Amino acid sequence: MPDKLPTLGYEIESANGTLPSDVRVYRFHMTEAVSEPYTITADIVTTELDYAFEELLGHDAQLNLVRDELMRSVFGVITAIDWLGVSGDSLLLRLTIRPALALLGQQIHTRMFQALSVLDIIDQVLAEELAVYGREYTPGSVSRGAEVREYCAQYRESNLAFVERLLEEEGISYTFVHDDGASAELLELIDAPEQLGSSANIDGSDLFPLIALNPSEADVESIQAIEWRRRVTSTGVLRRDFDWQAPTSLLDSETDTPDAHGRTRRVYLHGGRRFFSDDLSDRAGDHKAALAQPGARGYGRSNVTSFHAGLKFNADGHVLEPVAEELILIRVEHEGHDPSALPSLESHSDVHGGYSNMFECVPASIELRPPPLTPKPHVRGPQTAIVTGPGGEEIHVDEFGRVSVQFYWDEKPPYDDTSSCWVRVAQRWAGPAWGAQFIPRVGMEVVVDFLEGNPDRPLITGCVYNGANSPPYSLPDNKTQSGVKTNSSPGGDGSNELRFEDAAGGEEIYIHAQKDWTIAVENDKHQTVGHDESLEVVNDRKKHVKHDEVIKVDNDETITIGNDHSETINHNMSVTVVNDQRVTIGNNHSETIANNRTETIANNASETVGASKTVTVAAAMQVSVGGALNASVGGAVGVEVGGAMAMAVGGKSSETVGDTKSVEVGKELIIKAGEAGQISTGKALGITSDDALTISSTKDISVSGKAKALIEAADELTIKCGSAKIVLKKSGDIAISGGKIDVKGSGKVSVKGAKIANN
């Protein structure tokens, strides 16, 4: 160990560029901070006045801070060169050196990532882009950022801003490592203080004493001044968000710790979008930690060359208790000057050599979280996109009615179901299992808005026609038509349609069902047709009225049935015809009545049967005629009664038979007249009986004939009146008996016999 701190020198190198051999560093300034790309400005001097300095642009550079055998190197890319002029025989140039990560700020993309974690996304972006500059990055041992995000958009953002924003959202910081023997800086991610390294003094320790006066006389690097600031900050954060999959639940998370006076100053954040289902508490805690960092911060000055943003150190010997603990460097500004590099200015009184830095630090015990400084990109207004899906699929939708879309701005559009996340579709109504449902189909151009302008929260609000998709009704010819016309899927060979025609005088509502049409009315249905109605059913039609049906036709009704007509009435049927009724049957008519039948005709009834008519009555039959009854039969009449038959005529009854009439009675025949009875024939009248024949009268009986009269009995004939009788037998015997017998003749009386006995 030297007794006195060795003088610090500065060197600059370019691994893939040619610097003048006599180049020296006159002055440099470097600003570095946690989660920020650093910036180095190095003023260099060369005597090569015609040096083509433009060739250095874009090449690697290495700035070395050399103290005896110890050297700290900082790597970067030369991003700018300023020609400062000529002093004496020396050319002054200013080089701006930045990490390769800073150049990612010059790459602006609009693209989307799906089903990837933040670490996966950052790996895709950084691994490819940093490799162009020969750089690498390491995620270190971070535990955050591994949760998979459904959808993450980089919208008009540079790669740098995109990466920084994602890291801020996950509570991950980054820093740069410039290892000895390396040829480039290494980007490293950190999310916990224990992942940070420590600054080392030239004696190898991590202690840095406070030496305010003549620090260069000491044998170690030291801190010349340090201040500690406490500041009032917000005490807590309340985050609230909306989960559309659980809309009735209020999602929020609060973390709040009152200050020493018991006061709270809470920040309320909402609508920022959760990235995972249960990350509200993490986001609230991260935001609170970031807001609390300015509340306890140290500011100092030192000549420690190993001070580097993202390293820890111990301030040895400081009297303030907060500074006695381990600290984290969050920002360091380095300043170095070597007047000997430019002799023409070395004698100026305002030019001083040496090195110093200004630093900011926080306690290592805090939760180190990057403040959300990178603005979220904002989509200013709606955009349009094309609905996408797997090949050959016309409708691609999930259980929530969401679809995938392809934005025109996607740099590598796949135009399939991987083109975007599932995007919700706004409908006119959206209730629990009720509302409107119109699913945008593959190939449709939809209007996509973004909730609060957030590109990660797309929402489809409508559809528009374009050069490929024209309106269903050609325009402007059909400008008075409005409606909805669907397309059968798959194939598109048909459609359902509801169309409104508003042309004055030709107004129309048109409904078309490509196949079935089902109408369900839970209560009443009222339908009024101001003029004609026409219904055509190509196939069958069924109608079921579970209660009453009333049909009223104020004028004529015509029903034409091309084939059979079957009508079933489970109870009564009543038909009332105010005027005439005519029924014409082209062929047979069969009518079956399970019980009684009553037919009442207020006036005349006429029935014409072109051929035969058969009436069969299983039981009794009664015919009652209030006036005359005339039956005219062109042929025979047959009446067959299985049981009794009764006919009652209130007035006269007349029967005329043009030919023979035969009455056959299986048993007894009774003919009874209330008054006189008469049987008259134009010719002979015969009364025959297979058994006894009786003719009786309660009064007189008269038998007369205009010509002859014959009474004949096969065995015996008896004529009897009281006790008087005449008996005639087939043997020829005649017996006349009576009390008194008188035989008188106006002429001759002859009595003959084989033997005549008198008393």
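Each value in this text was obtained by applying a stated rule to the coordinates, not by laboratory testing. All of these numbers come straight from a predicted model, not from anything done at the bench. As a convention, Cβ positions derive from the backbone with ideal geometry for all residues, glycine included, and neighbour counts pool all protein chains shown.
Given contacts defined as C-alpha pairs under 8 Å and at least six residues apart, what's the relative contact order of region 383-464, whole-number percent?
Relative CO of region 383-464 lands at 32 percent.
With unit charges on the beta carbons (Lys and Arg positive, Asp and Glu negative) and the dipole taken about the Cα centre of the chain, which residue among Y408, S689, F176 sits farthest to the positive side?
Of the listed residues, the answer is S689.
Only Lys, Arg, Asp and Glu count, each charged at its Cβ (+1, +1, -1, -1), so figure out the dipole size of the chain about its Cα centre, rounded to 20 debye.
On the way: 68 positive and 112 negative charges, 1887 e Å.
For this selection, approximately 9060 debye.
If you place +1 on the Cβ of every Lys and Arg and -1 on the Cβ of every Asp and Glu, how big does the dipole about the Cα centre of region 451-583 come out, in debye to the nearest 20?
On the way: 12 positive and 24 negative charges, 85 e Å.
Dipole magnitude for region 451-583 comes out near 420 debye.
Given the Cα-Cα distance of K613 and H59 and 0.36 nm per residue of separation, how much length would full extension add, in nm?
This chain segment gains 187.2 nm when fully extended.
Go through 569-582, 358-371 and give me the packing order, highest mean Cβ count within 10 Å leading.
Per-residue mean Cβ counts within 10 Å order the peptides as 358-371, 569-582.
Run a plain Debye calculation on region 383-464 (Cα atoms as equal point scatterers, no solvent) and give log10 I(q)/I(0) at q = 0.20, 0.21 Å⁻¹, rounded to two decimals, same order as the q list.
-0.86, -0.94
Between T18 and I585, 0.36 nm times their residue separation minus their Cα-Cα distance comes to what? Walk me through the intermediate numbers first.
Details: separation 567, 0.36 × 567 = 204.12 nm, distance 11.75 nm.
Contour length minus the Cα-Cα distance gives 192.4 nm.
Using Cβ contacts closer than 10 Å as the measure, can you line up S612, S302, S205, S117 from fewest to most?
Values: S612 8, S302 26, S205 13, S117 19.
Ranking S612, S302, S205, S117 by Cβ neighbours within 10 Å, fewest first, gives S612, S205, S117, S302.
Run the quick spin-label model on K652 and L70: label points 7 Å from Cα toward the beta carbon, then report their separation in nm to one decimal.
Here the answer is 16.0 nm between the modelled labels.
Determine, from the Cβ-Cβ distance of E136 and W83 and an R0 of 35 Å, the FRET efficiency 1/(1 + (r/R0)^6), rounded to the nearest 0.05.
Details: r = 33 Å, r/R0 = 0.96.
In this case the efficiency is close to 0.55.
Calculate the spin-label point distance for V623 paired with A436, positioning each point 7 Å from the Cα along the beta-carbon direction, and give it in nanometres.
Using points 7 Å along Cα→Cβ, the separation is 7.5 nm.
In percent, what relative contact order does the chain have, based on Cα pairs under 8 Å that are 6 or more apart in sequence?
Worked out over the chain, it gives 8 percent.
Computed over the Cα atoms of region 8-99, what is the ratio Rg over Rh, Rh following Kirkwood?
For region 8-99, the value is 0.96.
Rg and Dmax of the chain over Cα atoms: what are they, in angstrom?
Looking at the chain, its Cα Rg and Dmax stand at 62.5, 218 Å.
Mind checking the dipole of region 383-464: about its Cα centre, +1 per Lys or Arg Cβ, -1 per Asp or Glu Cβ, Debye to the nearest 20? Kindly include the intermediate steps, with their values, before the conclusion.
On the way: 6 positive and 12 negative charges, 57 e Å.
For region 383-464, the charge dipole is close to 280 debye.
Hey, can you rank 189-198, 587-596, 707-716, 239-248 by average C-beta count inside 10 Å, highest first? Intermediate results must be reported in sequence, preceding the final value.
Working: 189-198: 17.4, 587-596: 5.0, 707-716: 7.1, 239-248: 12.3.
Highest mean packing first, the order is 189-198, 239-248, 707-716, 587-596.
Output the 0 to 90 degree angle, nearest 10, between the alpha-carbon long axis of helix 280-292 and the longest principal axis computed from the alpha carbons of the chain.
30
Let me check against my output: what whole-number percent is the relative contact order of region 173-241, with C-alpha pairs under 8 Å and at least 6 apart?
Numbers: 56 pairs, mean separation 11.9, N = 69.
Worked out over region 173-241, it gives 17 percent.
On a 23 Å Cα-Cα criterion, which of the cross-link pairs K613/K652; K667/K725; K479/K515; K672/K729; K708/K744; K485/K543 come out too long?
K613/K652; K667/K725; K479/K515; K672/K729; K485/K543
In what sequence, highest mean first, do 457-466, 212-221, 512-521, 499-508 appear when ranked by Cβ atoms within 10 angstrom?
Going by the mean number of other Cβ atoms within 10 Å, highest first, we get 457-466, 212-221, 499-508, 512-521.
Between K708 and N603, what is the FRET efficiency for a Förster distance of 60 Å, r being their Cβ-Cβ separation, to the nearest 0.05?
0.65
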